[in-house]
1. Return the only residue of A:Leu180, A:Leu169 being farther than 23 Å from A:Val50 by Cβ and touching a strand residue (DSSP E or B) at 6+ places or on another chain (Cβ under 8 Å).
2. Does the range B:275-326 hold any residues that are away from every other protein chain (no Cβ under 13 Å), more than 16 Å from the chain's Cα centre (by Cα) and among the acidic types (Asp, Glu), and which are they?
3. Counting only residues that are buried (at least 20 other Cβ atoms within 10 Å of the Cβ), assigned to a helix (DSSP H, G or I), within 12 Å of chain B (Cβ to nearest Cβ) and touching a residue at least 24 places away in the same chain (Cβ under 8 Å), how many does the range A:106-121 have?
4. I need a count of the residues in the range B:253-299 that are open to solvent by 40 Å² or more (accessible area, probe 1.4 Å), assigned to a helix (DSSP H, G or I) and among the basic types (Lys, Arg).
5. Can you tell me which residue is nearest to A:Phe145 (Cα to Cα) among those in the range A:50-78 that are within 14 Å of chain B (Cβ to nearest Cβ) and open to solvent by less than 10 Å² (accessible area, probe 1.4 Å)?
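The values are calculated or read from the model by the stated rules, or taken from the named source; none is laboratory data. All values derive from a computational prediction rather than experimental measurement. Here Cβ is always computed from backbone atoms with ideal geometry, including for glycine, and neighbour counts include all displayed protein chains. With ligands, DNA and RNA removed, areas are computed over all heavy atoms of the protein, side chains included. Shrake-Rupley method; radii C 1.70, N 1.55, O 1.52, S 1.80 Å.
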Amino acid sequence: MSETTERPPGALQLLFNGIVSENPVFRLALSLCPAVAVTTTVANGFILGVAVLAVQVLSSLTVAIARGVIHPRVRIPVYTIIIAVWVSAIDMALAAFVPALYAQVGLYIKLIVAFAIIISRLEVFASRQPLVPSFWDAVGMGLGFMIALMVIGALREVLGAGSFFGIVLFKTKPLLFFALPAGGFFSIALLMAFFNALERKLTGGTAKPAAGGHHG
Amino acid sequence: MVERRMPSIRTTRFSALAPLALVAALLLGAPMLRGIGAVQAADGGNTIESVAIDTPDQVRITFRGEFPAAQATAENFRFAEAAAPDAPMALKSVKAEGRVVTLTATQALHPTERYKLEVADPPISRDVTPSPWATLVTLFLSSALINNFVFTRYLGLCIFFGVSKKRDAAVGMGVTFTAVMIFTAMTSWAVDTFALQPLHLGFLQVLVFIGTVAAVVQFLDTMLRKTHPALHRSFGVYLMLITTNCIILAVPLLNAQGKVSMLEALVLALGSGLGFALALFLMSCAREKMELARVPKAFEGLPIAFALAGLFALAFMGFSGLDFFR
């Protein structure tokens, strides 16, 4: 394994990588289910984002610390168990501290254990890098995911309910469509297309469209 | 080579047709089973033969003997929800025609709910329970169409978008998925009912279920490879993709949440699996056609697939009122 031959990238670069250039939802197209499911309001997106951020950071740290001990052949089951442990912990913590929000997103918090983004970061990054870069990579990815959820949530809440973070913006009858399941799919289609178009503009039309997701 | 492929193809056809036949049988049989809410009363005198709920607000009671019209008054009958037996419903009218008495309530009644019926003269008390068929068919329809995992619960999107590019792959995935879902749901139901609940280990749900799912998938993979190599060649690829999928994990979690019976768990798994297979099949057909369409550059790939899924979701909203029993 050539893990220590090259210097790990700096904290800022890792954060930028997670939030913009490899954004889990819009660029990597991973973990799409929650991106549609809980984003009817910004607050729901926020709470799931926080949960994912916490699970990602904690499992990345655990794997980065324990990577010398984990035998490569059993690494996937071990990673899954590590994630499941942290998901259970976060699940109980949220149920205890924010019961009202938890009631709306409870099932999806439990399902974080099956999110491809977390296990793929463990596999790609935390299992090969020391503690500090793993931490920043996890924070970057977690934040990227949280921001993506909140952007989708903002679009859907403003159009579908006429409010933002629960604060009423305009009193006219909102477009119910965006609060419905179908609206979730359309919002993501529009946002993805927007980011693709933006990227093509910035890079002069050479960029490839977002990678097709296969997991998560 | 041709002979080698044969069993695989035949089995594929059979596995695709068998669930369809089952669905058709359930759908056709359901309306005929409406009256099966009946339980026999055993004491002498004039007893009740059957009680049926007629939507929207009527209860049809059939007695064994003639029911005197003089006794057909609202005071003589007490009809309440089983959950609140002390709060009887107000009855709009009571009509007796020969052996049949029809009560009309002031509120809507549902054949899938439990009620308690009491008659003062002759003194009879009985529970009106929904037929198990009604419950199961409702559960099946709800999990397959009304609450379709992909289009209204938004789960399994990763596999949904990943595998729906080709129709063959979509069908293979759908069949494998349904089979695995039934196995994992049954195993996790047993683990939950016989181990987690008696020992009050509910907080270990996530950990235990993901372990169970992984173990079952691994077991199926090994079994299939040894016993049906041909089948394994056509479906083995999908099997490995399934292990950490959100739907596979969501079904045990939903079952545990609802504290369902074994049969209900089985039906929920079957419905969810078939619903997912249907979604995959529809999407793959649409995406194959889309290959020929001219899509704006920015929408190429996933964005247009999402828009397409949105259209399907819109269509599936039409199922939301679907109910044979209301």
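1. Details: A:Leu180 fails: touching a strand residue (DSSP E or B) at 6+ places or on another chain (Cβ under 8 Å).
Going through A:Leu180, A:Leu169 in turn, just one is farther than 23 Å from A:Val50 by Cβ and touching a strand residue (DSSP E or B) at 6+ places or on another chain (Cβ under 8 Å): A:Leu169.
2. B:Glu288, B:Glu291
3. Going residue by residue through the range A:106-121, those that are buried (at least 20 other Cβ atoms within 10 Å of the Cβ) are A:108-119, A:121.
Pick out the ones that are also assigned to a helix (DSSP H, G or I) and you get A:108-114, A:116-119, A:121.
Filter again for within 12 Å of chain B (Cβ to nearest Cβ), leaving A:108-114, A:116-119.
Those left that are additionally touching a residue at least 24 places away in the same chain (Cβ under 8 Å): A:108-109, A:111-114, A:116-119.
Residues meeting the conditions: 10.
4. 2
5. Once the filter is applied, the top-ranked residue is A:Val52.
A quick yes/no check of all residues on (1) within 25 Å of A:Ala114 (Cα to Cα); (2) not small (Gly, Ala, Ser):
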site: B:Ser125; (1), (2): no, no
site: B:Val137; (1), (2): no, yes
site: B:Arg153; (1), (2): yes, yes
site: B:Leu157; (1), (2): yes, yes
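Residue-wise test of (1) assigned by TED's automatic domain parsing to the domain that holds B:Pro111; (2) polar (S, T, N, Q); (3) closer than 21 Å to A:Phe178 by Cβ.
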residue	(1), (2), (3)
B:Leu268	no, no, no
B:Leu280	no, no, no
B:Ser284	no, yes, no
B:Arg287	no, no, no
B:Met290	no, no, no
B:Ala293	no, no, no
B:Lys297	no, no, no
B:Ile304	no, no, yes
B:Leu308	no, no, yes
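Quick grid of which residues meet (1) of a type in the set (A, V, I, L, M); (2) out of contact with any Pro (no Cβ under 8 Å at 6 or more places or on another chain):
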position: B:Phe177; (1), (2): no, yes
position: B:Met186; (1), (2): yes, yes
position: B:Gln197; (1), (2): no, yes
position: B:His200; (1), (2): no, yes
position: B:Gly211; (1), (2): no, yes
position: B:Ala230; (1), (2): yes, no
position: B:Asn255; (1), (2): no, yes
position: B:Ser261; (1), (2): no, yes
position: B:Glu264; (1), (2): no, yes
